[in-house]
Every structure is written in C-alpha cells, then in structure tokens.
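Encoded as structure tokens, the structure appears first; notes follow it.
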Amino acid sequence: MFKKMVFSALSVAVFSAVLTSPIQATSVGGQEDHSLASARWSSDEEWIRKSAAVPAGWVVIREDLGSKLIKNTAGAPYGEELRVSKYSPVPQGWVVLRDELAGRVIKYVIGASYRTEFNVTKFSPIPTGWVVSRENYDSKTIMNVVGAPYGTRLLVSKYSPVPPGWIYEGQVANGKYIKNLNRY
C-alpha cells in the first residue's frame, strides 16, 4: 500500500515537471499546428512566474502550477482571434468576443472599415473610434465610426463613448445623438 502511494505521488511529480519544463514550452511553439498567418505576425511566447506582471501588449495564453505562458500581440493583423486565460489583460485595440469556461476569446479590431459591427461581452473594452450601438443584458454591439463622412449623425447607446472629433448633440429615451466633425 505504501509503495503504491509513493509511486503515485512520484509519477504525479514527474508528470507535473514535464508539463512545466522549458523544453516543452519551446517544442509547443515549434509545432506546425499554428496557422501561417498567426506565425507571421508574432511568435513571441514566454514562460514567466505566475506572480510576475504581464507587460503591456502581451496576453496570458495559459497558466500552470507556478508559471504562465504569455504571448506578444504586437503586429497582429485585423481580425486575428486568440483564446486567452480568464484573467488575461486585454491589449489596446482588442475586444472580448465571448467568455468561456476556461478562458475567453479576444479579437483585434484595428483596421476594420467604417460601420463594421461586432457583438462583444458586456465588460469588453471599446477601442478608440468605436461606439456602442446597442446593449443587451449580457452583451453589447460596437461599431467602427472611423472614416464616417463629415456631418454624419448617429444614434448610439446612452453610455457609449464619444470618439475623438465627434460631438454630443442630445439625448433621447433610448440613447444619444453624436455628430462627426472629422474631415478624413
């Protein structure tokens, strides 16, 4: 009985050591299951201590016993999606599409054309140049207004940010009106 318990504890310790070893981290990054598009924009992944701060522009891909795997998001193409840890920071220009049991899915939205819309989670950040067009109980729809013609007037959600170059024109029961004064 004692031999079985020692063997079980020893095998768990060895298995845990293999999962968190630096050798595994480099072999995971070198596998060919990543798409060529994602490999082009960034392949920078690093293992750091669990207590270490995540640098700006990086996300937490997964967490193990005492460490976390982070990925650099610099240079991401428009529309890139990443599955990240539940408590990963969301870099500037990224939105949270959905929360999942073990994490969440984020998407890079910089480069979208005027009037592109995405349904995001209620607490997703809103990138500069985007407005909240509709809100539901647990989600909101955001719309890109960069590139709107001069003088465009939009009805947006009451709590939507007013993008740079736009002005607040008035409030109605179901939202507020904003007007574009940018000449692109």
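What the table shows:
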item	result
Sequence-distant residues sharing a close amide H with E80 (under 5 Å, placed H)	Y108
Estimated vicinal HN-Hα couplings, Hz - segment 144-151 in sequence order (Karplus 6.51, -1.76, 1.60; Gly, Pro = x)	7, 10, 5, x, 5, x, 4, x
Rg and Dmax [Cα atoms of segment 140-184; Å; Rg one decimal, Dmax integer]	10.1, 31
Ordering of 144-151, 110-117 by burial proxy (mean other Cβ atoms within 10 Å per residue, highest first)	144-151, 110-117
Ordering of 169-180, 68-79 by packing [mean C-beta count within 10 Å, highest first]	68-79, 169-180
Cα Rg, Dmax (largest Cα-Cα span) when computed across segment 49-184, Å	16.8, 55
Cross-link pairs K86/K176; K50/K107; K71/K158; K50/K122; K71/K176; K68/K122 - those with Cα-Cα distance over 29 Å	K86/K176; K71/K158; K71/K176
Segment 60-104 shape via C-alpha gyration tensor axes, a/c threshold 1.5	oblate
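Every number here is computed from the coordinates shown, using simple stated rules; none is lab data. Because the structure is predicted, anything quoted here is derived from the model rather than measured. Positions of Cβ are generated from backbone atoms using ideal geometry, with glycine treated the same way; all protein chains shown enter the neighbour counts.
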